[in-house]
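Worksheet: one structure, shown below.
The values are calculated or read from the model by the stated rules, or taken from the named source; none is laboratory data. Keep in mind the model is a prediction, meaning the values are calculated, not measured. Here the Cβ is made from the backbone with ideal geometry for all residues, glycine too, and neighbour counts use every protein chain on show. All accessible areas refer to the heavy atoms of the entire protein, side chains included, with ligands and DNA or RNA removed. Shrake-Rupley method; radii C 1.70, N 1.55, O 1.52, S 1.80 Å.
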Amino acid sequence: YKRPEVFKAFGFDELLDKSKMAKPFRQDGGRFVSDAAAFGEVETIIKSESQPVFMHLISMQNHMPYPNQYKDPLGPSSGLPPAYSKLAGQYGRGANLTDKALHDFLGSLKQLDEPTVVVFYGDHLPPQIYPSNLPQREGVRDSHQTPWLIWSNTEKLAHPEQPTTS
């Protein structure tokens, strides 16, 4: 599989997509490979390598389009118009599944003898959930910031205030 030029430019040796995954399952009716499956693939690779490995996972589980993605979306969201509330329920279910999968993934990595660090972040807010005028209302920078975390299986990390990173 020829890797896209951007990955080559960043120095990645290999691109592993869903066609090469051992278990690319979807979860609860989702359209895309689940985060649980993606994390499982990463864990398998980490455990199979004798040398340190650097991996960059791009997940799709919580990507749009959101309508009818999950069989059991979260209930209505207060304060949102009905159309947004329904989409937010679908997105919320995906985020809930990601939370559970991340918890299990980090719990498993915690058992490794080799020092392991995970950086977890989102690249943007879900566009179908937030009003289209959000960038004008909140500013482009603020409307594109997402939470992130850095986790280590060997030491408790400090969480100092960090500047915006792009």
**Q.** Loop-exposed GluC sites (Glu not before Pro) per DSSP, neighbour cap 12 Cβ within 10 angstrom, longest uninterrupted part of the chain
**A.** 50-154
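Under 8 Å for C-alpha pairs, at least 6 residues apart: give me the relative contact order for the range 92-166, rounded to a whole percent. Walk me through the intermediate numbers first.
Values: 52 pairs, mean separation 27.3, N = 75.
Dividing the mean separation by the residue count of the range 92-166 yields 36 percent.
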Q) Cα to Cα, under 14 Å, and not fewer than 8 places away if on the same chain: which aspartates and glutamates meet these conditions relative to K23? A) D35, E41, E43
Q. Straight-line reach from K86: which aspartates and glutamates have a Cα under 15 Å away, not including same-chain ones fewer than 8 places off?
A. D72
(Q) Using 5 Å bins from zero, what percent of all Cα-Cα pairs in the range 71-166 falls into each bin? (A) 3, 10, 16, 17, 17, 15, 12, 7, 3, 1
Q: Match the structure shown to one of the listed values (i) 111; (ii) 135; (iii) 158 of volume of the Cα convex hull per residue in Å³, computed from it, and give that label.
A: (iii)
Q. Rounded to a whole number, what % of the accessible area of the chain do carbon and sulfur atoms account for, probe 1.4 Å?
A. 56 percent
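Please state the charge dipole magnitude for the chain, taken about the Cα centre, from unit charges on C-beta atoms (+1 on K and R, -1 on D and E), reported in debye and rounded to the nearest 20. List each step's numbers first, then the result.
Values: 17 positive and 19 negative charges, 124 e Å.
Value, rounded to 20: 600 debye.
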Q. Can you run phi through the Karplus equation (6.51, -1.76, 1.60; θ = phi - 60°) for the range 103-118 and list ³J(HN,Hα) in whole Hz, with x for Gly and Pro?
A. 4, 5, 4, 5, x, 6, 5, 4, 7, 5, 6, 7, x, 9, 10, 10
Q) In degrees, nearest 10, range 0 to 90: what is the angle between the Cα axis of helix 35-48 and the longest Cα principal axis of the chain? A) 10 degrees
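So if I place +1 on the C-beta of Lys and Arg and -1 on the C-beta of Asp and Glu, and nothing else carries charge, what would the dipole magnitude of the range 62-127 be about its Cα centre? I want it in debye, nearest 20. Walk me through the numbers before you get to the answer.
Details: 5 positive and 6 negative charges, 75 e Å.
In debye, rounded to 20, the range 62-127 gives about 360.
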Q: Determine, for each peptide in 86-94, 15-23, the mean count of other beta carbons within 10 angstrom over its residues, then list the peptides with the highest first.
A: 86-94, 15-23
Q | Given charges at Cβ of Lys, Arg, Asp, Glu: the chain dipole, positive-most of A83, M60, A158 | A | A83
Q: Kindly report the accessible area of the range 13-96 per residue (heavy atoms of protein chains, probe 1.4 Å, no ligands, DNA or RNA), in Å².
A: 63 Å²
Q | For P163, net neighbour charge (Lys/Arg +1, Asp/Glu -1) across residues whose Cβ lies under 15 Å away | A | -1
Q) If the cut-off is 18 Å between C-alpha atoms, which lysines fall inside it for K110, apart from same-chain ones fewer than 8 positions away? A) K47, K100, K156
